[in-house]
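Structure record follows, encoded as structure tokens.
The values are calculated or read from the model by the stated rules, or taken from the named source; none is laboratory data. Not measured: the values here are computed from a predicted model. Here the Cβ positions follow ideal geometry from the backbone for every residue, glycine too, while neighbour counts run over all protein chains shown.
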Amino acid sequence: MTPTISNEVLDRIRQTLGSSGVSDNAAELEPHLTEWRNRWHGTTPLLLKPASTGEVSSVLEICFETNTPVVPQGGNTGLVGGQIPTQGELLLSLERMTKIRAVWPQDNVISVEAGAVLRDVQSAAEQAGRLFPLSLGAEGSCTIGGNLSTNAGGTNVLRYGTSRDLVLGLEVVLADGRVLNMMKGLRKDNSGYDLKQLFVGAEGTLGIITAAMLKLFPNTSSYTTVFASLSGVDAAVELLNRVQFSAANSVTAFELIPRYGLELVLKHIPQTNDPLPDDREWSVLMEISNSAAFDATEALEEGLARAVEDGLVTNAVFAKSERDRHALWRLREAIPEAQRIDGASISNDISVQPSKIPELIANSYRAIEKVFSGALPFAFGHLGDGNIHLAVRAVKGRDEALLSARAAIEEAVFEEVNRLCGSISAEHGLGLAKNEMIVRYKSAAEIELMKRLKTALDPKNILNPGKVVPAH
């Protein structure tokens, strides 16, 4: 149901934020109302652009008092519709809250506002001689608040964990406008419930994150990056275990790349080249990050040589320069972009234990073909942490039929994921895409507890209503 927001409420908010803090200009609103995949299109009477935590607090006080719904938005790079105001809610963007508040290199901590772009946070850490390891394809436009609200993963989860693992403190504005300050930045604090973790992955439904204290790490002195062709997905899992054994916790990324996905990139993305032209169906892009005191390159070379002898790896190429490294990573990171350019597709963000990935892929491919004859499924992504992006294209001329079969295809994939005790959402979240479907894959007790938490923290249901928590 579309909410009715009175002119009186809108005027109060305009007075609170000032002319620079609000907009109803259609041209400015448009980029905020359409998400990357064009699945959801939003509508809002007013875009709110607070410049401080105090202004966010004041706005939410008004909204709580008047039962006015609000959808918070970061960089609008989400892929499940969680950031789109589909019912005419107010849209609150943190785009003006971009400060790097402080960096403490000796403590390996950085404090930033939620609107700070991920790449800017990485740069601030680098200038201090440190590393902020969260890395994903949208890092030039996604924001820290959005990353935390969706518990973003990215390519370095294997070594550094998800966004949740990088949080040392949060500043959050609750639904009624109260500010919850949990910005101590401590690595050990066993003084009760770890409340900050409630808001990580909650997609703005429990409170609005306005600032964060994040973990930093010693800067990386060099990388060893390898693109290898494999005899199969089973070989990828075995190779992962061997590499982790030889290089210990230096393995930063281990990405699965199908031949079909690579061909889409070569077809649509300029200045990309096939590093190992052959007809192997599967490849991996693996990377080891080295500190000044340790270089795992030799160990990796020896491990790959044995993998070749054992028939796991058919060929491999090492990046010889930083330019080579970026070229190899472009092949992996551009798959979603090439997929979109090529035509209609359906994407699934799922996870299982890494050892179950070969079974998941084989079974899902068969299940998809039963639902939609002529489907072209291809799996890619973060094999090292069990997160696979299973995309589906259609043979030429069947794009509309493919999209019409979306629900049946997703159900077929989710059933295979559930059978293997996996998750139907690994890193993108639930948003609008899966908030109702999740009822089938979480226990009744889990769903009940999610609803109780929502009611406790947002009793009037004004924060991102209709997202994450199922309505029924």
Any chance Ala412 is part of a helix (DSSP H, G or I), at negative phi and without any contact (Cβ under 8 Å) to a residue 40 or more places away in the chain: no
Hits in the stretch 411-449 (condition: surrounded by 18 or more Cβ atoms within 10 Å (Cβ to Cβ) and within 26 Å of Glu89 (Cβ to Cβ)): Ile424, Ser425, Glu427, His428, Gly429, Leu430, Gly431, Leu432, Ala433, Lys434, Asn435, Ile438
The stretch 354-392: number of residues that are closer than 22 Å to Gly429 by Cα and out of contact with any Phe, Trp or Tyr (no Cβ under 6 Å at 6 or more places or on another chain): 16
Of all residues in the stretch 19-34 being assigned to a helix (DSSP H, G or I), touching a residue at least 24 places away in the same chain (Cβ under 8 Å) and small (Gly, Ala, Ser), the one that is surrounded by the most Cβ atoms within 10 Å (Cβ to Cβ): Gly21
Residue in the stretch 216-224 that is farther than 30 Å from Gly75 by Cα, touching a residue at least 60 places away in the same chain (Cβ under 8 Å) and under 25 Å from the mean Cα position of the chain (by Cα) present: yes
Selected residue (criterion: farthest from the chain's Cα centre (by Cα)) from residues of the stretch 254-271 that are buried (at least 23 other Cβ atoms within 10 Å of the Cβ) and either modelled with pLDDT under 95 or more than 20 Å from Ala319 (Cα to Cα) (or both): Leu264
Conditions (1) assigned to a strand (DSSP E or B); (2) in contact with a Pro (Cβ under 6 Å, 6 or more places away or on another chain); number of the one not met by Met213: (2)
Enumerated helices (runs of 4 or more DSSP H) restricted to the stretch 224-336, each holding at least 1 residues that are under 28 Å from Val392 (Cα atoms) and out of contact with any Ser or Thr (no Cβ under 6 Å at 6 or more places or on another chain): 233-247, 259-268, 322-333
Residue within the stretch 209-231 that is more than 30 Å from Ala327 (Cβ to Cβ) and not hydrophobic (A, V, I, L, M, F, W, C) present: yes
Qualifying residues in the stretch 425-472 (those that are of a type in the set (Ser, Thr, Tyr) and in contact with a helix residue (DSSP H, G or I) (Cβ under 8 Å, 6 or more places away or on another chain)) - the one nearest to Asp176 (Cα to Cα): Ser425
Residue ID - modelled with the lowest pLDDT, chosen from residues in the stretch 272-286 that are under 18 Å from Ala319 (Cβ atoms) and out of contact with any helix residue (DSSP H, G or I) (no Cβ under 8 Å at 6 or more places or on another chain): Pro277
The stretch 35-89, subset aromatic (Phe, Trp, Tyr) and assigned to a loop (DSSP other than H, G, I, E, B), residue modelled with the highest pLDDT: Trp40
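Would it be correct to say that Gly74 is surrounded by 24 or more Cβ atoms within 10 Å (Cβ to Cβ) and either of a type in the set (Gly, Ala, Ser) or within 24 Å of the chain's Cα centre (by Cα) (or both)?
Yes, satisfied.
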So Thr155, is it under 14 Å from the mean Cα position of the chain (by Cα) and either surrounded by fewer than 19 Cβ atoms within 10 Å (Cβ to Cβ) or in contact (Cβ under 8 Å) with a residue 60 or more places away in the chain (or both): yes
Qualifying positions in the stretch 425-442 - touching an Asp or Glu at 6+ places or on another chain (Cβ under 8 Å) and under 20 Å from Pro336 (Cα atoms): Ser425, Ala426, Glu427, His428, Gly429, Leu430, Gly431
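Every residue, every condition in (1) surrounded by 14 or more Cβ atoms within 10 Å (Cβ to Cβ); (2) assigned by TED's automatic domain parsing to the domain that holds Pro358; (3) over 25 Å from Pro358 (Cα atoms), yes or no:
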site: Asp278; (1), (2), (3): no, no, no
site: Val284; (1), (2), (3): yes, no, no
site: Leu300; (1), (2), (3): yes, no, no
site: Ala305; (1), (2), (3): no, no, no
site: Leu312; (1), (2), (3): yes, no, no
site: Asp324; (1), (2), (3): yes, no, yes
Residues of the stretch 90-139 classified as in contact with an Asp or Glu (Cβ under 7 Å, 6 or more places away or on another chain), in a loop (DSSP other than H, G, I, E, B) and free of Cβ contacts under 8 Å to residues at least 60 places away in the same chain, total: 3
Selection within the stretch 363-376 - in contact with a helix residue (DSSP H, G or I) (Cβ under 8 Å, 6 or more places away or on another chain), surrounded by fewer than 24 Cβ atoms within 10 Å (Cβ to Cβ) and within 17 Å of Ala236 (Cβ to Cβ): Asn363
